[in-house]
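Worksheet for the structure shown next.
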Amino acid sequence: MKTYTNTGNKDTRSGFGAGLSELGKSNDNVVALCADLTGSLKMNAFADAHPERFFQVGIAEANMMCIAAGMTIGGKIPFTGTFANFSTGRVYDQIRQSIAYSDKNVKICASHSGVTLGEDGATHQILEDIGLMKMLPGMTVINTCDYNQTKAATLAIAEHHGPVYLRFGRPKVANFTPENGEFKIGKAVLLSEGTDVTIVATGHLVWEALEAAKALNEKGISAEVINIHTIKPLDEEAIIKSVKKTGCIVTAEEHNYMGGLGESVARTLSLSVPTPQEFVATQDTFGESGTPEELLEKYGLNAASIVEKAMAVIKRKK
């Protein structure tokens, strides 16, 4: 099986900051708005270099979304920044009415997603944001796996016309995708070929899926690993092609099993090629306070859980 090297743990939010800073130099139409979390979103470099294009709106997320929508009318490309919970749940009405319904070219950039926000607890964590955003007509939904991919995605969405939800996180995680690699919206990335089970993962769990594949390989099980960085539009062709070979699938995400990647995959399979599926995700629950590592362990969002689910779904194959 193909192996990947972690070049050093880095937080994905810093990948967003680096991409935004690069856009500031190359695209005069890019503007940035932040809801009092400039440091947390790593937007400092952009703000310092382009103060005339940076707007600190304070703790007024609903206003931020409406301002961003208005800016698009003048040809600007607004990137909004705050925590994922405040980027979606707190401002869903504004996103639906002012951005999605009008097909405004706003890039909703959301950090501190999932349980890996950690000690801030359930009120700041969000595990239903992918579901909220993917149900909005015309909304593109992206959930990146490491620093390099987050930077590449930030650059790519500036070239894409239409509303985008870009989801990333706070903790330092393995950085293993190619530096300056190409990011194709809606195109899955085949990381490792296999014949016994398909593992499709998104966000922080992509690296865990690769670790799980290594563990399965030691048991004589060949796992195919696919990085689904774009949840909507979903690369259905890549998923169907893989399960036709392996006959079963595990989906892995730092999100509620209802409304997330797993549900989108299940719908795809049920319509085209019904396939045994197991879910690595939170089980209809809120998070709680704890370190990211403790929470990933408690909620079964790690390589060990992916291995367990892979073993279970293989037994369900006809």
query = Are any of the residues in the range 226-239 basic (Lys, Arg) and either assigned to a strand (DSSP E or B) or under 14 Å from the mean Cα position of the chain (by Cα) (or both)?
reply = yes
Notebook entry, point to check: residue 88: assigned by TED's automatic domain parsing to the domain that holds residue 27 and over 19 Å from residue 206 (Cα atoms), yes or no?
Noted result: yes
* To do: Inspect all residues belonging to the range 183-196 and state whether any of them is polar (S, T, N, Q) and under 21 Å from residue 112 (Cα atoms).
  => no
- Message: Criterion first (closer than 24 Å to residue 172 by Cα, among the acidic types (Asp, Glu), touching a residue at least 24 places away in the same chain (Cβ under 8 Å) and not assigned by TED's automatic domain parsing to the domain that holds residue 255) does residue 61 satisfy it?
- Response: no
If we keep only residues of the range 249-286 that are of a type in the set (Ser, Thr, Tyr) and not in a loop (DSSP other than H, G, I, E, B), then the residue surrounded by the fewest Cβ atoms within 10 Å (Cβ to Cβ) is 270
Those residues of the range 267-318 which are under 19 Å from residue 205 (Cα atoms), touching a strand residue (DSSP E or B) at 6+ places or on another chain (Cβ under 6 Å) and aliphatic (A, V, I, L, M) amount to 280, 281, 301, 306, 310, 312, 313
Within the range 108-122, residues among the hydroxyl-bearing types (Ser, Thr, Tyr) and closer than 14 Å to residue 284 by Cβ come out as none
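Listed here are the residues, each with its yes/no results for (1) outside the structural domain of residue 43 (by TED's automatic domain parsing); (2) over 19 Å from residue 282 (Cα atoms); (3) free of Cβ contacts under 8 Å to residues at least 40 places away in the same chain; (4) not in a loop (DSSP other than H, G, I, E, B).
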{"residue": "124", "(1), (2), (3), (4)": "no, no, no, no"}
{"residue": "127", "(1), (2), (3), (4)": "no, no, no, no"}
{"residue": "130", "(1), (2), (3), (4)": "no, no, no, yes"}
{"residue": "137", "(1), (2), (3), (4)": "no, yes, yes, no"}
{"residue": "145", "(1), (2), (3), (4)": "no, no, no, no"}
{"residue": "149", "(1), (2), (3), (4)": "no, yes, no, yes"}
{"residue": "152", "(1), (2), (3), (4)": "no, yes, no, yes"}
{"residue": "158", "(1), (2), (3), (4)": "no, yes, no, yes"}
{"residue": "161", "(1), (2), (3), (4)": "no, yes, no, no"}
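The values are calculated or read from the model by the stated rules, or taken from the named source; none is laboratory data. Only a predicted model underlies this, so the values are computations on that prediction, with no experimental measurement involved. Virtual Cβ from ideal backbone geometry, glycine too; neighbours counted across all protein chains shown.
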